[in-house]
There are 4 protein chains.
Amino acid sequence: MIVSDNNSGVHPKIMDKLFQANTGHVSSYGNDSFTAEAIAKIQSLFTGEPGVYFVLNGTAANVLGLSSALRAFEGCICSYRAHINVDECGAFERFTGSKIIPIAHHDGKISVEDVEACLHAIDNEHESQPKVISISQPTELGTAYSPSEIKALSDLAHAHDMYLHVDGSRLSNASVGTGKSFKEMIKDTEVDILSLGGTKNGMMYGEAIVVFNKSLDRSMKFIRKQGMHLNSKLRFVSAQFLGYLENDLWRDNATNANSLAQLICRKVLEIPGLSIAYEVQANMVFIRMPELWAKKVSDKYGVEVINGTDVRVVASFDSKVSDIEEFITDLKSLLN
Amino acid sequence: MIVSDNNSGVHPKIMDKLFQANTGHVSSYGNDSFTAEAIAKIQSLFTGEPGVYFVLNGTAANVLGLSSALRAFEGCICSYRAHINVDECGAFERFTGSKIIPIAHHDGKISVEDVEACLHAIDNEHESQPKVISISQPTELGTAYSPSEIKALSDLAHAHDMYLHVDGSRLSNASVGTGKSFKEMIKDTEVDILSLGGTKNGMMYGEAIVVFNKSLDRSMKFIRKQGMHLNSKLRFVSAQFLGYLENDLWRDNATNANSLAQLICRKVLEIPGLSIAYEVQANMVFIRMPELWAKKVSDKYGVEVINGTDVRVVASFDSKVSDIEEFITDLKSLLN
Amino acid sequence: MIVSDNNSGVHPKIMDKLFQANTGHVSSYGNDSFTAEAIAKIQSLFTGEPGVYFVLNGTAANVLGLSSALRAFEGCICSYRAHINVDECGAFERFTGSKIIPIAHHDGKISVEDVEACLHAIDNEHESQPKVISISQPTELGTAYSPSEIKALSDLAHAHDMYLHVDGSRLSNASVGTGKSFKEMIKDTEVDILSLGGTKNGMMYGEAIVVFNKSLDRSMKFIRKQGMHLNSKLRFVSAQFLGYLENDLWRDNATNANSLAQLICRKVLEIPGLSIAYEVQANMVFIRMPELWAKKVSDKYGVEVINGTDVRVVASFDSKVSDIEEFITDLKSLLN
Amino acid sequence: MIVSDNNSGVHPKIMDKLFQANTGHVSSYGNDSFTAEAIAKIQSLFTGEPGVYFVLNGTAANVLGLSSALRAFEGCICSYRAHINVDECGAFERFTGSKIIPIAHHDGKISVEDVEACLHAIDNEHESQPKVISISQPTELGTAYSPSEIKALSDLAHAHDMYLHVDGSRLSNASVGTGKSFKEMIKDTEVDILSLGGTKNGMMYGEAIVVFNKSLDRSMKFIRKQGMHLNSKLRFVSAQFLGYLENDLWRDNATNANSLAQLICRKVLEIPGLSIAYEVQANMVFIRMPELWAKKVSDKYGVEVINGTDVRVVASFDSKVSDIEEFITDLKSLLN
């Protein structure tokens, strides 16, 4: 139960919505009332009328969203640990034909200074032209940007005719972790494109590309189709989002996951030799331990290990206190 | 109810399977028992151990499957009416970098002779190298190849170190329509790669790439991931296929759709001025009528029209006799 | 001497220019005075200040020029006989990720009506979006568009927010053949992008992309570099264009080639059983003959044959009357 | 004269060869005797019969050569300073669809250990599959690998079913600098693919892809054509290589450049405050100086500066002792 939120199932309320959407024939490819309603709900989270495009998973949300902002000779600046750089088997390069320009991170976050250091390439035809900054909120290390940090990156991007993209596959967890609303984190900071996730937090499949920048919005429907992510029975993605947003189910789910991540922290710190590697601002905890121990833990649970010493555990929307206690007990006995 | 099988919902037995698969945490990305079982079930349909890779829709099944067989300087021969050529917004070209070599069709089918006429390009570096023949079974015009027609194309392909791909998004309907099993149509005819559909016939989402050629099989898992079609909660696609294959649900569904397509034919032929454009061997019926009438019908129902005169209607797994009768009555009054 | 103008060598005056440009060190990658002068010369042919980008061959001029006007989900309408469609090994698809939308031609030319028939796809996300019309001037069949025919295609393109591209690898021959200047054929007809050739007409290597549409111009230098066609010692391409344009060498060369093509026509028509397949408006002649004869001719000379009966011969800038007479004598004896 | 060898002109003996090749009509696209002879000459440098494919510049040699070894889901490991990573505007990503996996370098060279650290990704479908190691000989910092260092990387590659590529745009300089023949550096170390340059060392344009691995050789001619680098009048590239190899002109040219690079070193070390940043094993010298000075030098000469302090100067085949003395005098007065 602590290996990954990707291993979790589907929240019952979302299952219900799938049932309710199974009403016989409706128009396909998103021309249905479920989709119209889900789009409106997502727009209302942010205010304004951003473009909303449902796709089938997070990799597609990232790659197709970024594709709207990039021509092939342009590049995307991101942390070298970014999911798009290391966990998507080169989907970005293949689909966009563009280059990823990886830079250093600080506890998962990238800084204005490090981005600025890449901008010397602008207008030099020998180098890919920096055009998008992509960040993850929360980061791959479980930390979160403050709205002002995001705004600083957005300002930098816009000052250079560039765009800011946010990989929000766990945006709910960042919202709960920082106490900031989706709107405060994304709309008010002038993010251009958002990958809005739900699968890790109780949905079955599906993610939304939210396009705030109107000039990028026009091409998105074609990119989604050419990108092989326009499903015929799209209402079933839309219906899940309806369930996800109804009565803030997303928040309840993320609150449970984040609280249990905090519980993991407290319990871990009671074990001699263990520490917490990065501030825990979402539902991921990196437990720092000697390399030999980390190897043992990884072998047993199949969890990810960063830098040889930082073991990742993840609390889910459906994790329970007893899961955590069980894991901690088990961990203690493993390390003894 | 006759516009498209894409407009249909999900069969209750498949909904049940989604519920049953919602068992808490299991390994993600297909490393779960539902997926193992679904793969075995599909393999047993064909015998042998073809590679089976679940993806999220038919465009992806086609493009990613074909990608396993093509390098960018090679090309894919298909009917110019093929779904990959006209209905996927250039997904093939973007993802593979290859060329489609479109040829004429005869009631939707391509012939050995027409393919042979393309083979002069082999070894001439100025032209894309023919490497795959792709056919649809049933075709986009509702006709179906006989096993011996498929075998002739497969023999031709293999004689030139090429591959044969089948777009089987409605393969169930072709099976029922021709009275041939999946194995007789695909395995015994030595097809190399199959897109095996289910969504149009009662599933919610998901399709399977079935790779019979072992040399193509090795790269498929990487192509699926890079192709943005490896879902984290893959068990929910697998579970649908389990429902689809259990007690031959696929056959019951296709039988209903095909029978109602035949009913449409009979009723249509009673209307003066209408005829059936192509042999109806699956669940699609093309009603031939004067252009003015076709325009009227298309405007009213939003159905596809081919060549200005051939109006496509499609019966679904959940269509009922009363749906057809209602449509026919309505059609008559529209045309009067 | 009649197989292809691609087989010819380099005009002595152009060789001289290569020598004269070999002046020791100058700035690389086009930041040199030869290049500045050659760009200005080309601009003055058309008036205004179109962007001029030297590349290394005609395929690159076509593909990179078109790339400036296309996003991957868009497509390029052209004759199915177009060089970009059949003679460039899929370079277009690989580099742009876009689809070619091939249409019928009439003696090599495409018509407004045939293009219009493709435009139904506009705004339908299931199909590649028509964005560029590409024509060849002269066509692959040796015919030429009149300025008013080009203007009609340009008007059609612009009315639909599309662009017009001209493959002018033999534009000199079309100019001489129609008596129209480069400006009359291209600038006055509001062409957006031109591939301006020289290699077939006396240069060693190199072609120019001329971009009339300012909105396409900005990305061209990056596309050329990413497209692997920015040479370090670019002055040697520029110097050739200086020689090509000086005292209208291009015109003298094309005049010789075209006159000899006319001589071929006259001589051919004296041979019983032979005719001229298409109007000869440049330096290519298609000699129509029975299939058996065509096979004989092709086997002997290695010339191209279209439709089994139309044998292509090409007169070059350096062809001589005696070359033609020799060929005709030889041909007569072969066919006896 | 010290800014870049890219700024140099063409050696007179190579100019002569261009003249001599201008013999009227010959078969185009490389089916001529000049090309056959040049291929044989290059093969004899290495022994065996490697495939030899002439292209038009170094970026194309790198990208097209690498493309023969890579499918899009695979990746290329190289120094993050590699020309393919930072100086080719993303040509690699666009043409191959693959990912570059950049690693640290040590004075320009990459180590077996650093490559090994990337190999954990093998068989993990979430990551691009390491398939090629690419090194530059000499490196972008003017250092050179010993044959045993190259062999170690080649052994590592082959042990993991991978390939080794060498960017040899200045291979002549490395050969002279290390006293090792082309064969000792490349063939005997079991390199799979070589980009063999000539333009920086006296040619006008053109580079050769040399393919030692027979399994990669088959696709190369198609990749070159699709890659827009098969020129019609290819004999003029071939003729240059004939001149380049005749009487070891390449060696004389490189010897001059390398000697003058050594002269630069000696002179620079006489200037207080300056040092030589990396071992000079070819014709590039990195002069280390305080940042303020480096800025001054860069502003004046337009030379490259690495890390803010290391100013690159390059000696060419046609540089003279007086050029160096003049530069040093000028530099001294600038820094005073």
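Any read-out appearing in this document is the output of simple, stated calculations on the displayed coordinates, not a laboratory observation. All figures in this text were calculated on a predicted structure; none of them were measured in a lab. Cβ atoms come from the backbone with ideal geometry, glycine included; neighbour counts cover every protein chain shown.
Using a 10 Å cut-off around each Cβ, can you sort A:Cys118, A:Cys78 from fewest to most neighbouring Cβ atoms? List each step's numbers first, then the result.
On the way: A:Cys118 17, A:Cys78 27.
Lowest count first: A:Cys118, A:Cys78.
Starting with the fewest neighbours, write out D:His25, D:His165 ranked by other beta-carbon atoms found within 10 Å of each beta-carbon. Don't skip to the answer; put the middle values down first.
Details: D:His25 19, D:His165 27.
In order of increasing Cβ crowding within 10 Å: D:His25, D:His165.
How many angstrom lie between the Cα centre of region B:85-154 and the Cα centre of region C:20-95?
Taking the Cα centre of region C:20-95 as reference, the centre of region B:85-154 is 33 Å away.
Considering only DSSP beta bridges whose two residues both sit in the protein assembly as shown, what percent are antiparallel, to the nearest 5?
Working: 76 of 148 bridges.
Bridges in the protein assembly as shown that DSSP calls antiparallel: roughly 50 percent.
What is the Cα centroid distance between region D:256-329 and region D:177-249, reported in whole angstrom?
29
Mind checking the log10 I(q)/I(0) for region A:84-216 at q = 0.10, 0.11, 0.19 Å⁻¹? Debye, one equal scatterer per Cα, no solvent, two decimals.
Result of the Debye calculation: -0.32, -0.39, -1.21.
Check which residues have an amide H placed less than 5 Å from D:Gln129's amide H, if you skip close sequence neighbours.
Those lying under 5 Å, H to H, from D:Gln129 are D:Glu74, D:Gly75.
Per 10 Å bin from zero, what fraction in whole % of the C-alpha pairs of region D:151-232 is there, up to the bin with the longest pair?
Result returned by the calculation: 17, 43, 32, 8.
What percent does the relative contact order of chain B come to when contacts are Cα pairs within less than 8 Å and at least six residues apart?
Details: 673 pairs, mean separation 80.6, N = 336.
Across chain B, relative contact order equals 24 percent.
Place the label 7 angstrom along Cα→C-beta at A:His158 and in each other copy, then list the distances from the first to the rest in nm, shortest first.
Ordered by increasing distance: 3.5, 5.8, 6.2 nm.
Can you list the copy-to-copy distances for C:Glu304, using a point 7 angstrom from Cα toward Cβ, in nanometres, shortest first?
From this label point to the equivalent ones elsewhere in the assembly: 3.4, 4.1, 5.3 nm.
For region D:73-116, what is the Kirkwood estimate of the hydrodynamic radius, computed as the reciprocal of the mean inverse distance between distinct Cα atoms, to one decimal in Å? Spell out each step's value before the answer.
Details: mean 1/r = 0.0923 Å⁻¹.
Result for region D:73-116 stands at 10.8 Å.
Could you tell me whether region D:49-94 comes out rounded, prolate or oblate from its Cα gyration tensor? Rule is a ≥ b ≥ c as square roots of the eigenvalues, rounded for a/c under 1.5, then prolate if a/b exceeds b/c, otherwise oblate. If you can, show how the numbers build up before the last one.
Details: a/c = 1.86, a/b = 1.31, b/c = 1.42.
Note, shape of region D:49-94 comes out oblate.
Which one, A:Ser175, A:Ser79, A:Ser319, has the greatest fluctuation when you compute a Gaussian network model over chain A with C-alpha springs under 10 angstrom?
The residue with the greatest mean-square fluctuation here is A:Ser319.
Mind checking the mean number of beta-carbon atoms from other chains within 10 Å of the Cβ atoms in B:56-62? It would help to have the intermediate numbers written out before the result.
Numbers: counts 9, 7, 3, 9, 6, 1, 1.
The shielding value for this peptide is 5.
Stokes-Einstein diffusion coefficient for region B:42-157 at 25 °C in a medium of 0.890 mPa s, Rh from the Kirkwood formula over Cα pairs: what value in µm²/s? Intermediate results must be reported in sequence, preceding the final value.
Details: Rh = 15.0 Å.
Rounded, D is 163 µm²/s.
Within a Cβ distance under 10 Å of B:Glu125, other residues only, what is the Lys/Arg minus Asp/Glu net charge? Intermediate results must be reported in sequence, preceding the final value.
On the way: positive: D:Lys221, D:Arg224, D:Lys225; negative: B:Asp123, B:Glu127.
Net of charged neighbours comes to +1.
Please report, for the Cα atoms of region C:249-335, the Rg to one decimal and the Dmax as a whole number; what are they, in angstrom?
Answer for region C:249-335, Rg first and Dmax second: 12.4, 40 Å.
Classify region A:85-148 from the C-alpha gyration tensor, please: rounded if a/c falls under 1.5, else prolate or oblate depending on whether a/b exceeds b/c.
On the way: a/c = 2.52, a/b = 1.28, b/c = 1.97.
Oblate.
Which is the longest run of chain A containing none of the trypsin sites (Lys or Arg not before Pro) found in DSSP loop states (not H, G, I, E, B) with at most 15 other C-beta atoms within 10 Å? Could the numbers behind the result be given before it?
Details: sites that count: A:Arg218, A:Lys320.
My reading of the result: A:1-217 is the longest stretch.
For chain A, what is the Kirkwood hydrodynamic radius in Å, using each pair of distinct C-alpha atoms? Before the final figure, lay out each step's value.
Working: mean 1/r = 0.0489 Å⁻¹.
This gives a value of 20.5 Å.
If we count other beta carbons within 10 Å of each Cβ, what is the order of C:Ser298, C:Ser316, D:Ser333, fewest first?
Working: C:Ser298 15, C:Ser316 27, D:Ser333 8.
Result, fewest neighbours first: D:Ser333, C:Ser298, C:Ser316.
In the structure displayed, which of A:Lys300/A:Lys332; B:Lys13/B:Lys41; A:Lys221/B:Lys221; B:Lys221/D:Lys109; C:Lys17/C:Lys180 lie more than 22 Å apart, Cα to Cα? Mind dumping the intermediate values first?
Values: A:Lys300/A:Lys332 13 Å; B:Lys13/B:Lys41 17 Å; A:Lys221/B:Lys221 27 Å; B:Lys221/D:Lys109 33 Å; C:Lys17/C:Lys180 27 Å.
Too far apart for the 22 Å limit: A:Lys221/B:Lys221; B:Lys221/D:Lys109; C:Lys17/C:Lys180.
Evaluate E = 1/(1 + (r/R0)^6) for C:Thr23 and D:Glu291, where r is the Cβ-Cβ distance and R0 equals 35 Å; express this FRET efficiency to the nearest 0.05. Intermediate values should be presented prior to the final figure.
Numbers: r = 35 Å, r/R0 = 1.00.
Using R0 = 35 Å, I get an efficiency of 0.50.
Within the set of other residues whose C-beta is less than 12 Å from the C-beta of D:Tyr145, count the net charge using Lys and Arg as +1 and Asp and Glu as -1.
With Lys, Arg at +1 and Asp, Glu at -1, the neighbours total -2.
Over chain C, with a Gaussian network built from C-alpha contacts below 10 Å, which listed residue (C:Asp318, C:Asp123, C:Asp16) shows the highest mean-square fluctuation?
C:Asp123
Under 10 °C and 1.306 mPa s, how fast does region A:1-97 diffuse according to Stokes-Einstein, given a Kirkwood radius computed over C-alpha pairs? Answer in µm²/s, whole number. Intermediate values should be presented prior to the final figure.
Values: Rh = 16.6 Å.
Value of D from the Cα-based Kirkwood radius: 96 µm²/s.
Which shape class, rounded, prolate or oblate, goes with the protein assembly as shown when its Cα gyration tensor gives a ≥ b ≥ c as root eigenvalues, a/c under 1.5 marks rounded, and past that a/b bigger than b/c marks prolate?
Details: a/c = 1.90, a/b = 1.15, b/c = 1.65.
Since a/c reaches 1.5 but b/c is at least a/b, the shape of the protein assembly as shown is classed as oblate.
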